[in-house]
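To start, the structure under review is shown below, and the notes come after it.
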Amino acid sequence: MIVYTNLIRRYFKNTSPILLGGIEASLRRVSHYDYWSDKIRASILLDAKADYLLYGMADISALEFADALKNRLDPRSIRGLCYLVNTSEADQIPAGYIELPTFEKVKEDPHAFIEMFHTFYKNNDPLTARGLYQRHGTRYVIQNPPARIPTQVELDAIYALDYQRAQHPYYEMQGKVKALDTIQFSINTHHGCYGECNFCAIGVHQGRTIRTRSEESILDEAKQFTEYKDFKGIISDVGGPTANMYGYECSKKLKHGTCDHQRCVDDTHLCKKMKVDHTRVINLLRRLREVRGIKKAFVASGVRYDLINEDKRQGYEYLKEMVRHHISGQMKVAPEHTSPHVLHLMNKPGKQTLVDFKKLYERLNREEGKNQFLTYYLIAAHPGCTEKDMHDLKRFTTQELKMNPEQAQVFTPTPGTYSAVMYYTEMDPQTRQKIFVEKDTTRKEKQKQIVVAKDTFKSGFAS
């Protein structure tokens with residue numbers, strides 16, 4: 001963004017306003033911790049010298065911005081927009097907006113940075129959020145409240161557009177883009193995630209409220225696949241940020257917005273207001289299998305196994321459908337860790353939840369005569385995690401899961417996440433208590449190697 005914007009400024013002096021968008025812009029819209037430079041950086045609007053920034057998915061606000069340009073109107077009232085004003089024009093800051101601690105303040109004071117992030121994080125729901133503004137030297141970054149949530153009709157219309165599902169012809173001479181194999185014939189069923197893992201940026205970018213496409217929209221997309229000559233009858237993924245959040249939401253949240261005093265799900269429990277119901281996603285998968293020309297429709301996106309455990313009416317039936325028809329050899333789950341204090345800092349469920357799910361999964365595989373495995377995503381060197389914690393994790397994977405982990409990654413702080421705040425400040429943002437944070441690259445890698453080290457198992461253990 002910085003390079004491209006500066007090139008445009010250099011070669012096109014009187015260009016139209018430059019608008020930033022996408023997840024990187026979205027996560028860097030206010031002062032943030034940048035891992036690559038290991039410092040607090042200013043809003044990307046200032047670093048890139050752009051005019052405007054649209055954060056979030058921008059499904060609606062991008063069109064509103066285009067209309068404003070077309071009709072020569074001031075776009076600064078558009079929801080989901082960030083823009084700049086000079087400090088001499090402070091009277092242009094809309095009434096009721098919340099002032100964040102200045103860039104200069106948060107750069108010097110970790111406690112101010114935590115306070116800033118709390119306010120930033122809490123003002124991301126379209127129904128409850130207020131606008132924000134933050135001073136950077138002689139300028140203010142103004143963040144309007146988030147764009148409203150698209151209706152199902154609007155979301156369906158977005159996915160009904162004539163996407164090409166191919167690499168750009170300009171790049172064809174360079175050979176095939178292999179990444180297309182996993183996404184070309186995949187279906188995104190919904191936006192948003194209320195899981196709020198502290199290391200994940202989805203909540204701040206896509207939002208914590210599920211927006212679900214209609215079954216008809218999804219089925220129409222699957223039918224379109226069959227018209228492509230290179231389609232082999234395999235849908236590589238039917239999912240979203242969390243595959244089994246499709247089709248239901250908290251009625252209170254839909255009416256009043258996300259709660260400011262609790263999360264939908266944390267490391268100990270799921271809010272009782274969130275009535276988990278896999279009925280719609282079960283019916284969707286069954287209908288997809290009936291589409292002429294569809295041989296297999298896999299669910300490659302991760303699932304929340306705690307939600308399956310929680311759904312006492314349809315959780316078992318959903319997992320049975322998955323085991324029978326929608327797993328390509330292995331099912332992805334993301335426990336990330338097993339140490340209680342690390343899971344708490346990650347906002348992930350306890351290890352017993354995983355143990356209970358694993359037993360159910362293995363039982364269903366035996367009943368169905370299947371030999372399908374679970375793939376576990378694990379994180380090393382997350383804030384709060386020591387080498388001892390990784391040894392404990394290794395013992396758990398060996399003794400309880402009976403496998404050698406292969407999907408372990410070293411934690412990387414992402415802007416717009418509580419885990420990045422922990423990494424920078426070396427504090428628990430909620431309690432301000434000091435926590436251990438591994439910052440040495442070699443010792444980070446050592447944490448990973450502890451858990452991925454190969455063990456020899458007795459016959460019958462999965463490796």
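Quick notes on this structure:
- Under 5 Å between amide hydrogens, built in the peptide plane, is the criterion, and for ARG139 it picks out THR87 among residues at least 5 positions away or on other chains.
- Between GLN449, THR182, GLY233, the Cα set farthest toward the positive side of the dipole of the chain (charges on each charged residue's Cβ, about the Cα centre) is that of GLY233.
- Considering segment 136-240 at the alpha-carbon level, its Rg and Dmax are found to be 17.8, 58 Å.
- As a length-normalised measure over Cα pairs under 8 Å and 6 or more apart, the relative contact order of the chain settles at 12 percent.
- Whichever aspartates and glutamates have a C-alpha closer than 19 Å to that of LYS359, once near sequence neighbours (fewer than 8 apart) are set aside: ASP306, GLU310, ASP311, GLU317, GLU321, GLU336, GLU367, GLU368, GLU400
- Close amide H partners of LEU374, meaning residues 5 or more places away or on another chain with modelled amide H under 5 Å apart, are MET331.
- For the chain, CYS82, CYS193, CYS250, CYS259, CYS264, CYS271, CYS385 have no disulfide-compatible partner, since no other Cys C-beta lies under 4.7 Å from theirs.
- Extending 7 Å from the Cα toward the beta-carbon at both GLU89 and LEU127 defines two label points whose distance is 3.5 nm.
- Label assignment, volume of the Cα convex hull per residue in Å³ derived from the structure, set (i) 174; (ii) 187; (iii) 208: (i)
- Take every DSSP beta bridge whose two residues both sit in the chain; close to 50 percent of them are antiparallel.
- The fraction of accessible area contributed by carbon and sulfur in the chain is 51 percent, rounded to a whole number (1.4 Å probe; ligands and nucleic acids excluded).
- Helical contribution to [θ] at 222 nm, DSSP H n ≥ 4, -39,500 (n - 2.57), averaged over the chain, rounded to 500: -9500 deg cm²/dmol
- Computed over segment 1-144: relative contact order in percent, which uses C-alpha pairs under 8 Å that are six or more apart: 22
The values are calculated or read from the model by the stated rules, or taken from the named source; none is laboratory data. Because the structure is predicted, anything quoted here is derived from the model rather than measured. Don't worry about glycine lacking a Cβ; one is built from the backbone with ideal geometry, like all the others, and counts go over all protein chains shown. SASA here: full protein model, heavy atoms, side chains in, ligands and nucleic acids out. Shrake-Rupley method; radii C 1.70, N 1.55, O 1.52, S 1.80 Å.
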